Structures are given as structure tokens and as C-alpha cells.
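Working notes, beginning with the structure itself.
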Amino acid sequence: MKNYKPKAYFLLRAAACILLLGLLTGCGLNSGKTTKLRDLDFTVVSEELLPAELTQLIEERKTEAFKITYSDKEYLYLCVGYGRQETGGYSIAVDELYLSDNSIHIGTSLLGPGPEEKKGNTPSYPYIVVKLEYMDETVEFE
């Protein structure tokens, strides 16, 4: 007679490992999704009202696309720039700004100049700065 105990023991251990692996990875399947807790109130800030240090940071980076967070412990500033554009007339929309269970999420879109707008030949460097109450949270730019 053949001894089937080593094979059965091996198969049982393999099945237990696969089951354990499935349970461990199953718990992480939803970890990539964020749960939106609430929308955040914000103000779009004009260049004249920005803190001088933030204005300097934007000026240094404006030729390339950028994403900057800046805080003065009273407010949190979220800045998104789209780099050099060949003409003017661009605007930026805030598509979403919300607090999730572990971070702040902001999504923006660059809107091109309409056909009725004079585009000109002068390059532009569109960016937007939104100001919200200070929160000590990670910011996710989307």
C-alpha cells in the first residue's frame, strides 16, 4: 500500500495558504477606494491676495505643470498650474474638492479659450489657487 498522508498533508497546507492569502488580499480590495465624507468650502484667491511666499513659489514653477500645497496654519492653499500655454483665454474649473476618510481630494480641469475670445499670440501660464480652512490632512490632486 502507498502512503497518501504526505500528499494529503501537503494539499491541506496548500489549501490553507490559499484560503489565508485570499482573506488577506480580500481585506485590501476596498482600501484603494476613498469614502467621501463631505464637500469642502473654498475660495478662489486672486494673485493680489496671495501670501508673498506662495506667489514666489508659483512664479518659480509656472512654466511647467505644478501642484502645490501651502499653509500659514490659519488657511490651507491648494495650487494647480497647467504650465505654459501658447495663447491666453484659458480658465480652470474646480471639479471637486472634498474630505475623505484619510485625505483632502481636489480635481480641476483646464478649459480652453472659447471661439469668441481673443486668444492673442502671447503665452499664458494658467493656474488656480483655492483657500480653505487649515486642516492637517494629506492632499490628493486628481
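The values are calculated or read from the model by the stated rules, or taken from the named source; none is laboratory data. Because the structure is a prediction, the values reported are computed rather than measured. Because the Cβ atoms are built from the backbone with ideal geometry, glycine has one as well, and the counts that use them run over all protein chains shown. The area values use the complete protein model at the heavy-atom level, side chains included, leaving out ligands, DNA and RNA. Shrake-Rupley method; radii C 1.70, N 1.55, O 1.52, S 1.80 Å.
Number of residues in the range 72-88 that are open to solvent by 40 Å² or more (accessible area, probe 1.4 Å) and touching a strand residue (DSSP E or B) at 6+ places or on another chain (Cβ under 7 Å): the value is 2.
Okay, residues lined up against (1) open to solvent by 100 Å² or more (accessible area, probe 1.4 Å); (2) at pLDDT 95 or above; (3) assigned to a helix (DSSP H, G or I):
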site: CYS17; (1), (2), (3): no, no, yes
site: THR55; (1), (2), (3): no, yes, yes
site: THR69; (1), (2), (3): no, yes, no
site: LEU99; (1), (2), (3): no, yes, no
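Filtered by the rule that a residue be more than 12 Å from VAL129 (Cα to Cα) and among the β-branched types (Val, Ile, Thr), the range 55-109 gives THR63, THR87, ILE104. The single condition from (1) touching a Gly at 6+ places or on another chain (Cβ under 8 Å); (2) open to solvent by 30 Å² or more (accessible area, probe 1.4 Å); (3) polar (S, T, N, Q) that SER91 fails is (1).
Which of the following residues is part of a loop (DSSP other than H, G, I, E, B) and within 22 Å of LEU50 (Cβ to Cβ): GLY114, GLY88, GLY107? None of the other options fit; the residue is GLY88. Assigned to a loop (DSSP other than H, G, I, E, B), free of Cβ contacts under 8 Å to residues at least 60 places away in the same chain and either among the aromatic types (Phe, Trp, Tyr) or touching a Lys or Arg at 6+ places or on another chain (Cβ under 7 Å) (or both) - does that describe any residue in the range 118-128? There is at least one residue in the range 118-128 that is assigned to a loop (DSSP other than H, G, I, E, B), free of Cβ contacts under 8 Å to residues at least 60 places away in the same chain and either among the aromatic types (Phe, Trp, Tyr) or touching a Lys or Arg at 6+ places or on another chain (Cβ under 7 Å) (or both). Taking every residue in the range 67-81 that is over 20 Å from GLU142 (Cα atoms) and pairing it with any residue that is at pLDDT 95 or above and buried (at least 17 other Cβ atoms within 10 Å of the Cβ), at least 6 positions away or on another chain, the pairs with Cβ-Cβ distances below 7 Å are TYR75/LYS131; TYR75/LEU132.
Residues in the range 101-122 that are open to solvent by 30 Å² or more (accessible area, probe 1.4 Å) and touching an Asp or Glu at 6+ places or on another chain (Cβ under 6 Å): SER109 only.
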